[in-house]
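Have a look at the structure below, then the notes.
The values are calculated or read from the model by the stated rules, or taken from the named source; none is laboratory data. For clarity, every value in this text was computed on a predicted model and none was experimentally measured. In this analysis, Cβ positions are derived from the backbone assuming ideal geometry, glycine residues included, and neighbour counts consider all displayed protein chains. Keep in mind that these areas ignore ligands, DNA and RNA; they rest on the heavy atoms of the full protein, side chains included. Shrake-Rupley method; radii C 1.70, N 1.55, O 1.52, S 1.80 Å.
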Amino acid sequence: FAPDMGQECLALYDAWAKERQQKHVDEIYRYLLEENRDVHASVFEHYQDLGIIGRVIIIDGRIRGYTFGYPQNDQVFCVLLEVVDLSLKGAAVYVFQRFCADAAVQSFPFINAMEDMMSPAMEKTKMSFRPVVLLPSFVITRKK
C-alpha cells in the first residue's frame, strides 16, 4: 500500500459495501458498513502514523483487494481491515493467507482475525482458518 492508493481502495470499499448492503437487511450490519467507511478512509490516510501495515492485491493494474493490520503485542498481530472484490472467488482467503505469510507479519505466533460483523459468510470464512481461540464480541447501542 502506498498513500496514493487510498482513493482507489475507498472506491473498492464503496462497491464492496454496496453489494453487502443489498444482501443484508439487518439495520445494525448496514450501519456498521456505513460507519466503517470513515474508519477505512482514516486508516488509508494515517496508517504510517498509527504503525499500521497495509497490503493490496493488484490485478490488471487495478486494486482488487486490500488488508491492513497492526501488532497488538509481541505475540498477536491483528488484521484490522480486509476488503476484496467480491467477484473474485477465494480472494478473501488468498489475501489473508498472503498477509499472514508477509515478512512483516509471519513472526507473530497468533493472528487475530477480529469479528465477523454478524455475517454468516464471513463467519464461515474465518472459521475455515481453524482458530485456536474464539472470544465473544459485542455491539453496544444506545436506546433512543
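Considering Arg30, Arg64, the condition of being in contact (Cβ under 8 Å) with a residue 24 or more places away in the chain and not aliphatic (A, V, I, L, M) is satisfied by Arg64 alone. Being in contact (Cβ under 8 Å) with a residue 40 or more places away in the chain and of a type in the set (Val, Ile, Thr) is the filter; apply it to the range 67-94 and report the residue that is surrounded by the most Cβ atoms within 10 Å (Cβ to Cβ). Checking each candidate, the answer is Val83.
Here Met5 meets the list (1) open to solvent by less than 60 Å² (accessible area, probe 1.4 Å); (2) at pLDDT 95 or above; (3) within 12 Å of the chain's Cα centre (by Cα) almost entirely, failing just condition (3).
For Glu35, are the conditions met, namely being under 24 Å from Arg98 (Cβ atoms) and open to solvent by 50 Å² or more (accessible area, probe 1.4 Å)? No. For the range 40-56, a residue qualifies if it is open to solvent by 30 Å² or more (accessible area, probe 1.4 Å) and under 18 Å from Asp102 (Cβ atoms), and the qualifying residues are Gln48, Leu50, Gly51, Ile53, Arg55, Val56. For the range 8-27, which positions are open to solvent by 70 Å² or more (accessible area, probe 1.4 Å), free of Cβ contacts under 8 Å to residues at least 24 places away in the same chain and in a helix (DSSP H, G or I)? Across the range 8-27, the qualifying residues are Lys18, Gln22, Lys23, Glu27.
Residues checked against (1) touching a strand residue (DSSP E or B) at 6+ places or on another chain (Cβ under 9 Å); (2) at positive phi; (3) among the β-branched types (Val, Ile, Thr):
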{"position": "Pro3", "(1), (2), (3)": "no, no, no"}
{"position": "Cys9", "(1), (2), (3)": "yes, no, no"}
{"position": "Val43", "(1), (2), (3)": "yes, no, yes"}
{"position": "His46", "(1), (2), (3)": "no, no, no"}
{"position": "Ile52", "(1), (2), (3)": "yes, no, yes"}
{"position": "Ile58", "(1), (2), (3)": "yes, no, yes"}
{"position": "Gln72", "(1), (2), (3)": "yes, no, no"}
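Within 12 Å of the chain's Cα centre (by Cα), modelled with pLDDT of 95 or more and under 30 Å from Thr141 (Cβ atoms): is that true of Phe68 in this structure? Yes; evaluated as a whole, the condition is true for this residue.
Per the listing Phe68, Phe99, the residue uniquely among the aromatic types (Phe, Trp, Tyr) and touching a Phe, Trp or Tyr at 6+ places or on another chain (Cβ under 7 Å) is Phe68.
Here's the yes/no breakdown for (1) touching a Lys or Arg at 6+ places or on another chain (Cβ under 7 Å); (2) under 23 Å from Val139 (Cβ atoms):
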| residue | (1), (2) |
| --- | --- |
| Phe1 | yes, no |
| Leu10 | no, no |
| Trp16 | no, yes |
| Arg30 | no, yes |
| His40 | no, yes |
| Gly51 | no, no |
| Ile57 | yes, no |
| Asp60 | no, no |
| Asp74 | no, no |
